[in-house]
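The structure appears below as structure tokens.
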Amino acid sequence: MPGHSKLLIPVLLAASLSGACATTPTPTVQPTATTAPTLIPPDSDSPAAGICGLMEGDWVRFTVSLDVPSPRCAQVRPGQRLEIANSTGDPVVVTFAGRDHPIQSGASLRIDEPFGSYLASGVHFIYVTEGTGNLPELWLLPE
């Protein structure tokens with residue numbers, strides 16, 4: 001029997017290790033959820049301006065001025081893009097969709113992203129945060 005004990009220990013050890021490996025659960029791979037982009041919520045559900053016309057074309061142009069902006073309010077579609085012109089006579093910083101955009105006097109700025117890729121439906125304000133100018137409203141229509 002003494003000769004058998006040397007052989008029995010490695011066999012038992014191997015059997016216990018192979019049993020442990022066999023009972024270890026195989027991790028399951030969970031599919032990762034894809035999240036929709038977070039859209040910036042509107043400042044309002046309806047415009048303050050009395051007239052808010054529907055804009056045509058790929059680019060919607062707003063002009064910030066010392067008087068009434070042109071247009072004061074515009075209805076836009078998700079696939080359209082924004083252009084802002086500065087006719088105030090001085091440089092301004094315009095804040096739109098959480099981003100600051102400096103615009104020199106007489107210059108224009110284009111944001112080459114479709115409205116629907118970053119804005120939720122509703123009315124969004126274009127703020128003049130540095131300099132002087134009046135605020136237009138952009139009313140993003142649902143698709």
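The values are calculated or read from the model by the stated rules, or taken from the named source; none is laboratory data. Computed from a prediction, not measured in an experiment: that's the story for all the values here. Cβ atoms come from the backbone with ideal geometry, glycine included; neighbour counts cover every protein chain shown.
Some notes on this structure:
- Just one of (1) modelled with pLDDT under 95; (2) surrounded by fewer than 18 Cβ atoms within 10 Å (Cβ to Cβ); (3) more than 20 Å from the chain's Cα centre (by Cα) fails for GLY133. It is (2).
- If the condition is being more than 20 Å from VAL123 (Cβ to Cβ) and among the charged types (D, E, K, R), then region 85-99 contributes only ASP90.
Yes/no matrix, rows are residues, columns are (1) of a type in the set (Val, Ile, Thr); (2) closer than 16 Å to SER121 by Cα:
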position: THR38; (1), (2): yes, yes
position: ASP45; (1), (2): no, yes
position: ASP67; (1), (2): no, no
position: ARG72; (1), (2): no, no
position: ARG77; (1), (2): no, yes
position: GLU83; (1), (2): no, no
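- Filter result (in contact (Cβ under 8 Å) with a residue 24 or more places away in the chain and among the small types (Gly, Ala, Ser)) within region 86-141: SER87, ALA97, GLY98, SER108, GLY116, SER117, ALA120, SER121, GLY122, GLY131, GLY133
- Only one of the numbered conditions (1) crowded, with 17+ Cβ neighbours inside 10 Å; (2) touching a Pro at 6+ places or on another chain (Cβ under 8 Å); (3) modelled with pLDDT of 95 or more is not met by VAL60, and that is (2).
- Across region 66-86, the qualifying residues are those that are touching a Ser or Thr at 6+ places or on another chain (Cβ under 9 Å) and either among the aliphatic types (A, V, I, L, M) or buried (at least 18 other Cβ atoms within 10 Å of the Cβ) (or both), and the one among them that is nearest to GLU113 (Cα to Cα) is ILE84.
- The residues of region 89-121 that are under 13 Å from PHE62 (Cβ atoms) and aromatic (Phe, Trp, Tyr), listed by number, are PHE96, PHE115.
- Qualifying residue in region 101-121 (condition: within 23 Å of ASP45 (Cβ to Cβ), among the polar types (S, T, N, Q) and touching a helix residue (DSSP H, G or I) at 6+ places or on another chain (Cβ under 9 Å)): no
- Residue count, region 65-102 (criterion: closer than 19 Å to LEU140 by Cβ and among the hydrophobic types (A, V, I, L, M, F, W, C)): 8
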